[in-house]
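Let me begin by presenting the structure, written as structure tokens, before commenting on it.
Each value in this text was obtained by applying a stated rule to the coordinates, not by laboratory testing. Please read these numbers as outputs of a predicted model, since none were measured by experiment. Cβ coordinates were reconstructed from backbone atoms using ideal geometry, including for glycine residues, and neighbour counts include every protein chain displayed.
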Amino acid sequence: MPDLSAPDTQCHTDDRATQLSLEVLLPYIPKAAKRVLDCTGVLAKRGATLKAHGVPEAFGLVDASAGTPHGNEGYDQLISGALDFTPLPFEAGSLDCILCTHVLERLRNPEAFLKPLLDCLSPGGLFIITVPNMQYHKTIFMLAEGRWCYGDSGVMARKNLRFYTAYELRWMLQRLGITNARFTSLVKDDEATLPRDENGYVGRGDVCAGPLGDDLYNAWLTEYYLVLATRC
């Protein structure tokens with residue numbers, strides 16, 4: 001009888017939780033940024049963290065899937081609701097930096113959300129995104145084995161409505177006028193987790209794929225991307 005248990009589809013590096021935390025993103029926030037908007041799908045007193053980092057004005061835009069906020073979560077202003085339908089109370093070009101974490105994967109129509117959001121970013125302002133990568137090797141092998149299994153977090157989190165690869169996200173941002181997005185691996189498996197043989201092939205069970213070049217191999221090892229883009 002085949003094994004019908006749900007496969008492991010999460011990266012289990014020792015610092016996974018840390019790499020997905022707001023603290024990892026703080027160094028990317030420009031020191032000159034005075035007004036920062038934190039769009040998020042988690043509640044963890046992130047507003048207080050931003051203020052402690054020296055952000056003069058920190059605003060929170062929290063997706064309803066995160067639950068009910070406890071007070072203002074440390075933000076100067078907090079907006080909570082279904083982000084696909086929540087009006088933004090910010091003037092065009094009034095924000096210096098926008099963080100978007102645990103959000104894009106939970107939206108019904110991410111482009112409809114992103115367009116007015118990006119309009120609020122000032123020229124030269126920084127847009128910081130984290131997003132799970134559907135091209136992650138554990139997801140690829142799960143699909144190759146004929147499975148589609150949801151979990152509590154990561155690419156296959158139960159709250160996720162949309163799924164991205166670097167190509168798909170870059171293409172969507174380009175349609176919205178962002179052409180300078182820089183992608184880097186935020187959460188990534190060690191190569192020992194998915195070793196390439198001398199011919200560049202990787203495999204698990206009855207599934208073998210390759211040869212994988214360095215760029216494709218890196219994409220397969222990446223569970224989460226960090227994306228940085230500036231508004232022209």
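Brief remarks on what is shown
- Per-residue 3J(HN,Hα) values for segment 176-192, derived from phi via the Karplus relation 6.51 cos²θ - 1.76 cosθ + 1.60 with θ = phi - 60°, read 9, x, 9, 10, 10, 5, 10, 9, 9, 6, 8, 10, 9, 6, 5, 4, 5 Hz in sequence order (x marks Gly and Pro).
- For segment 44-114, GluC sites (Glu not before Pro) meeting the loop criterion (DSSP other than H, G, I, E, B) and having at most 16 other Cβ atoms within 10 Å: E91.
- Taking a straight Cα-Cα cut-off under 12 Å and skipping sequence neighbours fewer than 8 places away in the same chain, the aspartates and glutamates within cross-link reach of K31 are D96.
- Sites matching chymotrypsin sites (Phe, Trp or Tyr not before Pro) across segment 102-152 that sit in DSSP coil, with at most 13 neighbouring C-beta atoms within 10 Å: W148, Y150
- E191-E91 pseudo-label distance in nm [points 7 Å out on the Cα-to-Cβ vector]: 5.3
- Beta bridges per DSSP, both residues in the chain: antiparallel share near 40 percent.
- Relative to one another, the C-alpha centroids of segment 76-120 and segment 204-225 are positioned 33 Å apart.
- For the chain, convex hull volume per residue from C-alpha positions, Å³: 132
- Which of L173, L99 has the fewest Cβ neighbours within 10 Å, and the rest in rising order: L173, L99
- Taking θ as phi - 60° and the Karplus parameters 6.51, -1.76 and 1.60, the scalar couplings of segment 81-87 work out to x, 6, 5, 4, 10, 8, x Hz in sequence order, x denoting glycine and proline.
- Straightening the chain between F163 and R204 buys 12.5 nm, computed as 0.36 nm per residue apart minus the Cα-Cα spacing.
- Among the listed pairs K115/K188; K45/K159; K51/K188; K138/K159; K159/K188; K34/K188, those beyond 24 Å (Cα-Cα): K115/K188; K51/K188; K34/K188
- Potential lengthening between S21 and D76 on full extension [0.36 nm per residue; Cα-Cα distance subtracted]: 17.8 nm
- Per-residue HN-Hα couplings for segment 61-77 [Karplus 6.51, -1.76, 1.60; θ = phi - 60°; Hz; x = Gly/Pro]: 10, 10, 5, 4, 5, 6, x, 8, x, 9, x, 9, 6, x, 7, 6, 8
- Least to most buried among C232, C100, C120 (fewest other Cβ within 10 Å first): C232, C120, C100
- Nonlocal amide H pairs with A82, under 5 Å, H built at 1.01 Å: A64
- Residues whose placed amide H lies under 5 Å from that of V131, excluding near-sequence neighbours: Y225
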